[in-house]
Amino acid sequence: MDSHESKRPDDDSKEWKLIEEVLMASHSEQRTARRWGIFFKLLTFAYLGVVLAIAVSASIGAGVDNKHAPHAAVIKVNGPIAADQYASAENLNVALRDAFSNEYALGVILEINSPGGSPVQSGYVFDEIRRLKEVNPEMPVYAVIMDIGASGAYYIAAAADEIYADKASLVGSIGVIGSGFGFVEAMDKLGVERRLYTSGEHKAFLDPFSPQRAEEKQFWESVLKVTHEQFISQVKLGRGERLIDDPELFSGLIWTGEQAVEKGLIDGLASSSQLARDMLGTEELVNYTLHKDPFVEFVEKFGASFGKGVAMFFGDQMMTMR
């Protein structure tokens with residue numbers, strides 16, 4: 001070999017290791033610069049997206065309000081019925097009053113897709129529907145059960161003039177449940193002592209770490225029984241003689257829409273659009289359900305997604321730079 005020919009350093013030599021470190025550092029810097037570039041581009045697009053959303057929201061707000069033409073007023077009862085949920089009595093009752101007060105509303109359709117929830121919240125809605133019907137008896141109210149209308153959701157539906165569902169919908173579950181756990185034996189095995197201080201003989205009767213007492217169990221069952229009887233009374237008030245004489249009706253069982261027709265729990269099989277056409281003579285359905293402002297909801301989702309993206313980006317950076 002010619003002595004003037006360049007010689008490649010040995011793989012283990014200091015020169016070669018230095019070359020490797022320089023190349024890797026250069027590559028890492030390029031990757032970092034590229035990632036920052038992508039990050040700021042995404043930030044720019046996100047900003048433009050927010051601006052666009054504001055413009056779209058404003059244009060929708062300035063558009064024609066369908067509530068000023070004949071229509072069916074739709075109120076959705078979705079998810080758990082509770083004070084802190086969308087399907088709360090406060091939200092549903094505000095929507096009901098809005099629908100009843102609109103001269104262009106031909107009728108109200110309750111679109112129900114809920115497993116139930118608080119008997120108190122359901123009772124408030126039931127009572128409000130009955131009150132509004134007394135004030136405006138000409139306004140028809142229909143309930144349409146979609147996937148499920150059970151327990152407290154059926155409680156609300158019972159206030160409607162008529163109830164409809166799909167043949168495969170789940171309907172019923174007219175009952176009350178109270179559940180919990182008992183950890184007394186587990187605590188004994190672990191050698192854990194329960195120290196509980198109360199004022200009132202039965203103040204801690206639902207405490208899962210204390211032994212269950214027969215008289216307290218009997219008392220709690222009596223409370224559930226009274227609540228169940230209230231539930232049954234309201235369903236009978238709403239459905240009347242359409243209910244068949246069957247003790248299983250109020251046992252907590254649940255039926256398909258097809259079976260529910262036979263038991264008098266519902267009046268037939270139909271969808272919201274079908275009821276609007278056949279019963280109210282309109283193709284227009286207007287949603288009265290209270291919900292978050294679309295822009296606020298968009299910003300919340302954007303904030304969560306943006307935060308996740310930033311975390312992932314800097315997580316990758318940390319892994320790259322280590």
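With a cut-off of at most 10 other beta carbons within 10 Å, and DSSP calling the residue loop, which GluC sites (Glu not before Pro) in the range 72-166 qualify? Please list them.
Glu103, Glu138
Kirkwood hydrodynamic radius for the range 135-226: how many Å is it when counted over pairs of different Cα atoms?
17.3 Å
Apply the Debye scattering formula to the range 73-139, with a single equal point scatterer on each alpha-carbon and no solvent, then give log10 I(q)/I(0) at q = 0.17, 0.23, 0.28, 0.29 Å⁻¹.
With one equal scatterer per Cα and no solvent, log10 I(q)/I(0) is -0.56, -0.96, -1.28, -1.34.
Run the Debye formula on the Cα coordinates of the range 158-206, all scatterers equal and no solvent, and tell me log10 I(q)/I(0) at q = 0.17, 0.28, 0.31 1/Å.
Debye output, listed in q order: -0.75, -1.15, -1.18.
Which order do Leu18, Leu249, Leu290 fall in if you start with the one that has the fewest other Cβ atoms within 10 Å?
Leu18, Leu290, Leu249
Considering only the other residues whose Cβ falls under 14 Å of the Cβ of Arg213, what net charge follows from Lys and Arg at +1 and Asp and Glu at -1?
Around Arg213, the charge tally is -3.
Restricting to lysine pairs 8 or more places apart or on different chains, what number in the range 70-291 have Cα atoms under 26 Å apart?
So the count works out to 16.
Cα extents of the range 182-242 along the three principal axes, largest first, in whole Å?
Extents along the principal axes, in whole Å: 58, 26, 16.
Provide Rg and Dmax in Å for the range 217-291, with only Cα atoms included in the calculation.
Rg then Dmax for the range 217-291, in Å: 17.1, 54.
Taking K and R as +1 and D and E as -1, what net charge do the other residues with C-beta under 12 Å from the C-beta of Leu92 add up to?
-3
If you wrap a convex hull around the alpha carbons of the range 70-291, what volume per residue comes out, as a whole number of Å³?
Each residue corresponds to 153 Å³ of Cα convex hull volume.
Where a number appears in this text, it was derived from the coordinates with a stated rule and is not lab data. Not measured: the values here are computed from a predicted model. Every residue, glycine among them, receives a Cβ derived from its backbone with ideal geometry; neighbour counts consider all protein chains shown.
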